[in-house]
Amino acid sequence: MILKKSSLKNNTTIQISGSKSISNRLLILESLFENIEISNLSNSQDTQLLKKALSENSETVDIHHAGTAMRFLTSYYSIQDGKTTVLTGSGRMKERPIKNLVTALQNLGVEIEYLENEGFPPLKITGRKITEKKVDVPANISSQFITSLLLIAGKLENGLEINLVGEVTSRSYIEMTLNILTRFGIKNKFEGNTIKVESFINHQPSIINYEVESDWSSASYFYSFAAIGRETIYLKSFYKDSTQGDSAISKIYEDFFGIKTIFTKEEHQLTLQLIKDFKFPEKIVLDMNNCPDIAQTLCVTAAALKIPFEISGLGTLKVKETDRLSALNIELKKLGCETEIGDSTIKSINFREAHENISIKTYQDHRMAMSFAPFCLIKELNIEDEDVVEKSYPMFWEDLNFFLKY
């Protein structure tokens with residue numbers, strides 16, 4: 001897809017579908033407890049694949065590239081007593097580690113086999129009734145592994161106590177899961193490095209209507225457009241007290257790029273407004289341990305504005321849809337930004353003129369496509385394999401055409 005050099009239309013309003021993170025959690029809970037009515041469900045491919053898997057009674061479930069579905073369903077099928085399920089995915093999914101989650105479930109008594117490579121999908125899961133109630137889990141793993149266990153915890157006879165060993169990664173996503181459980185009446189407590197969830201097996205929640213807040217990860221790209229294009233953008237269906245970790249984008253972009261977020265409570269609307277006479281910082285130094293999924297967006301924004309940056313807390317990016325740190329290191333060079341990466345860090349080391357005929361490789365990663373798109377406000381670029389956005393934000397290119405002018 002060629003994105004011609006463009007500018008922003010002023011005062012444009014965008015409606016983004018429901019949060020993928022919240023939607024996927026709710027679908028698991030809906031299947032376990034019923035009596036849940038969900039509105040504004042995410043239209044992402046990940047959510048639709050998870051919904052399809054939960055509605056079928058197949059012995060083999062292929063979730064393609066949907067990493068969240070792979071992780072959540074691993075625990076879900078583990079408690080389907082007497083049912084055997086083969087859980088598989090795409091070639092890249094078979095390269096994404098899942099050993100820490102599988103080990104935790106095995107320690108709880110579940111029978112899970114690796115069908116190809118040790119520590120990776122596909123998995124053969126034989127569901128059983130779990131009575132064990134305590135398990136140790138490394139704290140620095142993906143929060144989705146921990147959330148996967150938390151979502152089934154209320155369905156266990158004795159509840160579940162998770163001891164997180166080490167420094168907790170992406171704490172905000174864990175807290176979001178616990179807030180959702182609380183709303184369903186499932187009691188829980190997160191103190192220090194220990195999470196306790198009480199059994200809800202003898203309870204049945206009354207019918208709960210849950211309207212899913214729009215997705216803050218998707219909103220991040222519009223923050224980038226506003227920061228680079230310096231125009232006002234309105235986003236609908238967002239809440240001021242959001243539990244989504246990526247809502248941190250509002251403070252980050254206010255502090256470093258001069259984009260103030262104004263909430264209109266009655267309409268659940270955000271206004272992304274420029275701060276008058278804002279002076280860009282000499283350097284951005286930031287730990288994004290709690291919101292690593294918006295790091296790509298921030299790096300592209302900083303590269304476009306030629307603001308030096310040093311970002312840490314990005315260890316989980318190496319095991320996403322692609323190795324996002326390596327991908328950023330390669331693709332940012334095309335924008336004129338040379339970087340240096342470590343196991344969990346990326347920092348700019350030099351800025352120069354952008355390449356001619358920029359073509360951004362997306363590495364089968366939806367966030368690579370969307371995070372680099374705002375650079376079209378600086379220079380024309382080609383986004384390779386633009387359909388990858390279907391994973392989280394199928395309407396992304398249509399929404400861009402709505403507020404860009406060429």
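Where the accessible area of the chain is counted over protein heavy atoms with a 1.4 Å probe, how much of it, in %, is carbon and sulfur?
Details: 7340 of 16560 Å².
Carbon and sulfur together cover 44 percent of it.
With both bridge residues required to lie in segment 106-232, what share of the DSSP beta bridges run antiparallel, to the nearest 5%?
Working: 12 of 17 bridges.
The antiparallel fraction comes to roughly 70 percent.
Add +1 for every Lys or Arg and -1 for every Asp or Glu among the other residues with Cβ under 12 Å from the Cβ of residue 151, and state the total. Intermediate values should be presented prior to the final figure.
Details: positive: 25, 71, 155; negative: 30.
Value of the local net charge: +2.
Heavy-atom accessible area per residue, segment 252-312, 1.4 Å probe: how many Å²? Don't jump to the answer; show the numbers that get you there.
Numbers: 2810 Å² over 61 residues.
With all protein chains present, segment 252-312 gives 46 Å² per residue.
Would you work out which of 181, 257, 123 lies farthest towards the positive end of the dipole of the chain? Charges go on Cβ: Lys and Arg +1, Asp and Glu -1.
The listed residue farthest towards the positive side: 257.
Counting only heavy atoms of the protein chains, get the accessible area per residue of segment 92-203 (1.4 Å probe) and round it to a whole Å² value.
Details: 4870 Å² over 112 residues.
Ligands and nucleic acids excluded, the result is 43 Å² per residue.
Under a Cβ-Cβ cut-off of 11 Å, what is the net charge of the residues other than residue 331 that fall near it, where Lys and Arg count +1 and Asp and Glu count -1? Intermediate results must be reported in sequence, preceding the final value.
Details: positive: 324, 333, 334, 361; negative: 365, 384.
With Lys, Arg at +1 and Asp, Glu at -1, the neighbours total +2.
From the residues 369, 357, 337, which one has its Cα farthest along the dipole of segment 337-392 in the positive direction, the dipole being from +1 and -1 charges on Cβ of Lys/Arg and Asp/Glu about the Cα centre?
337
Applying a 10 Å radius around every beta-carbon, put 193-201, 135-143 in order of their mean neighbour count, most first.
Working: 193-201: 18.0, 135-143: 19.6.
Highest to lowest by the protection proxy: 135-143, 193-201.
With both partners inside the chain, how many of the DSSP beta bridges are antiparallel, as a percent to the nearest 5?
Working: 38 of 61 bridges.
Roughly 60 percent of the DSSP beta bridges within the chain come out antiparallel.
Could you compute how fast segment 73-205 diffuses translationally, taking Rh as the Kirkwood radius over C-alpha pairs and applying Stokes-Einstein at 10 °C with viscosity 1.306 mPa s? Give it in µm² per second. Spell out each step's value before the answer.
Working: Rh = 15.0 Å.
After rounding, the answer is 106 µm²/s.
Which entries of 51/134; 236/361; 52/155; 20/133 have Cα-Cα distances beyond 26 Å here?
Details: 51/134 29 Å; 236/361 30 Å; 52/155 22 Å; 20/133 29 Å.
The answer is 51/134; 236/361; 20/133.
Could you give the semi-axes, largest first, of the ellipsoid that matches the chain, computed as the square roots of 5 times the alpha carbon gyration tensor eigenvalues and rounded to whole Å? Show your work: numbers first, answer last.
On the way: eigenvalues 270, 102, 77 Å².
Computed over the chain, the values are 37, 23, 20 Å.
With springs only between Cα atoms under 10 Å apart, run a GNM on the chain and tell me which of 185, 67, 229 wobbles the most.
185
Normalised by the empirical 2.2 N^0.38 Å for globular proteins, what value does the Cα Rg of segment 277-337 take?
Normalised by 2.2 N^0.38 Å, the Cα Rg of segment 277-337 equals 1.13.
Might you tell me the accessible area per residue for segment 329-388, computed with a 1.4 Å probe and given in Å²? Could you put the intermediate results ahead of the total?
Working: 2510 Å² over 60 residues.
Per residue, segment 329-388 has 42 Å² of solvent-accessible surface.
The values are calculated or read from the model by the stated rules, or taken from the named source; none is laboratory data. Only a predicted model underlies this, so the values are computations on that prediction, with no experimental measurement involved. Virtual Cβ from ideal backbone geometry, glycine too; neighbours counted across all protein chains shown. Accessible surface areas use protein heavy atoms only, side chains included; no ligands, DNA or RNA. Shrake-Rupley method; radii C 1.70, N 1.55, O 1.52, S 1.80 Å.
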